[in-house]
Amino acid sequence: MTRKLEKFVDQLPAINTIKPLEVKNKRAFYEIKMEEFTQKLHRDLEPTRLWGYNRQFPGPMFDVNKGEPIDVKWMNNLPGKHLLPLDESIIHHEPEVRTVTHLHGSETRSDSDGYPEAWFTKDFKQVGPFFKREIYHYPNRQRAATLWYHDHAMGITRLNVYAGLVGMYIIRDQEERRLKLPTGDYEIPLIIADRSFNEDGSLFYPSQPNNPSRNLPNPSIVPFFLGDTILVNGKVWPYMEVEPKKYRFRVLNASNTRGYQLYLDSGQSFYQIGTDGGLLPRTVKLDKLVMEPAERADLIIDFSKYEGKSIILKNDLGSNPDPNDETFDVMQFRVTKTLTKEDTSKIPKRLSTIPSLKTGMVAGYRNLKLIESNDPLGRPMPLLNNKKWEDPVTEKPRLGTTEIWSFINTMPFTHPIHIHLIQFQILDRRPFDLDFYNKTGQIRYTGPARPPEPNERGLKDTVAAPAGEVTRVIVRFGPYSGQYVWHCHILEHEDHDMMRPFIVRE
Ligand code: C2O
Ligand code: CU
Ligand code: CU
């Protein structure tokens, strides 16, 4: 789709930090406008029309301290017509340009969580049935973590996010500061997302059903979307000049569907110190990092032995990639800057203590099937427990109690499952016989349960649930009651009802 774009010709953009509009009684107040604008995404691409927070893609970064709550007024200043094609794949018919912002990974009251039906249009003229307030409140009581904010409007999240409505949100605390990790100019957010472009530089997103060229089952909802171009911080295949020292990278996979298997072509290992919900218990040395949509990884890369070299951050496409697929590259590091001062940062072995939820009482177990179903026209549609969005709420844990949720993936590919409000711990994954399941509807295990990967042994809000496996997580529901959602974070799935409400009961 996109004509061939040269790689590593644009510098990685720095992401600016947003400043509060005012600070009243120690409470910072921010305003963010969602607007349409154009931005140059590659040297040889015409400027691209986008939607962004404060006219930026990605949006400005929040950088806040634990214990310091903030208020944000999210304003919809978008034009009256959607940037991307709306078509019959929109199954929730509401105003075209509706938005609502969710702070992914945050412990937030439900009235500020960005519930999909809490959407609003320009100047709040029309609002969804769950709309509660114009100004969102973020308590920032949780530990230091790399969170992100993005659009979550009912039925069109995939289009709003694809148009550019994403940004990063960092919470810091004392525990993390004590570790002497690389900081300042040596702490860099990397927001990775794939896109495709039309000849004129505009975003390409498939419009169904009249796009047989994309090889989608036709007619069908857009079942997934893989862009042919990789962007980091809003530039196509950028490069970054670095000093020969350690850097901390806060990596976010903000893609609609695409998962990544990241590695460095220098063959060097790197170190993961944090995941979705903050620091890991101990540093994990990695050669390859798997990142499903919405997952975050806090990494340290040491460039000290690579002075003068170029290193490419690669994406492993597996053994038989399509020869036209260019997404095996992500970005390039050039170790060409001179060392300004001696590197005194550390890669500590031990990072944090995370009390295990396993030792406490478990109040409930839920078997949750990820299951292929059909929409009323007989088109395939992945659902959760065979339920649609409109079906009555079935998951109602009690506030303060702990439950084990088993995601039983009966489909042939991985789904990244995300739960709002909380950070969970992964218990294990266990393979079962998919063929047998498809014939009988019964689970027959084919092997023992595997513990989570070492880099998953922290707090997570999104978990990869692989095909033909039961993935179990343990969750303590709190600190707030109210109505939230859990869903697949492949945005094409989420929009087509692979999303369910849940209620934390008082
Ligand atoms: Cu990142 Cu419900 O979303
Ligand atoms: Cu979320
Ligand atoms: Cu999915």
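Values quoted throughout were computed directly from the atomic coordinates according to the rules given, and no laboratory measurement underlies them. Everything numeric here is computed off the predicted structure, so don't read it as measured data. In this analysis, Cβ positions are derived from the backbone assuming ideal geometry, glycine residues included, and neighbour counts consider all displayed protein chains.
For this structure, a couple of remarks:
- Prolate/oblate/rounded label for segment 276-315 (Cα gyration tensor, a/c 1.5): oblate
- Gyration tensor analysis over the Cα atoms of segment 306-447 returns equivalent ellipsoid semi-axes of 40, 27, 16 Å (largest first, whole Å).
- Projected label distance in nm at V9 and L399, using a 7 Å step from Cα toward the beta-carbon: 5.7 nm
- FRET efficiency for S319 and S207, using Cβ-Cβ distance with R0 set to 41 Å, rounded to 0.05: 0.80
- Under 12 Å from the T340 label point (7 Å along Cα→beta-carbon), backbone N, segment 7-28: none
- Relative intensity of segment 184-334 on a log10 scale, I(q)/I(0) at q = 0.09, 0.11, 0.12, 0.18 Å⁻¹, equals -0.33, -0.48, -0.56, -1.11, per a Debye sum over C-alpha point scatterers of equal strength in the absence of solvent.
- Label point distance in nm, F413-R366, each placed 7 Å from Cα along Cα→Cβ: 2.5 nm
- On full extension, the segment bounded by T353 and D265 gains 28.4 nm, given 0.36 nm per residue less the C-alpha separation.
- Theoretical FRET efficiency, 1/(1+(r/R0)^6), r = Cβ-Cβ of K40 and Y445, R0 41 Å, to 0.05: 0.20
- With semi-axes defined as the square roots of five times the eigenvalues of the C-alpha gyration tensor, the equivalent ellipsoid of segment 22-172 measures 26, 19, 13 Å, largest first.
- Shape analysis of the chain yields a ratio of the Cα radius of gyration to the Kirkwood radius, Rg/Rh, of 0.94.
- Beta bridges per DSSP with both ends in the chain, % antiparallel, nearest 5: 75 percent
- Extension gain, D123 back to R505 (0.36 nm per residue minus Cα-Cα distance, nm): 134.2 nm
- Ordering of 258-264, 58-64 by burial proxy (mean other Cβ atoms within 10 Å per residue, highest first): 58-64, 258-264
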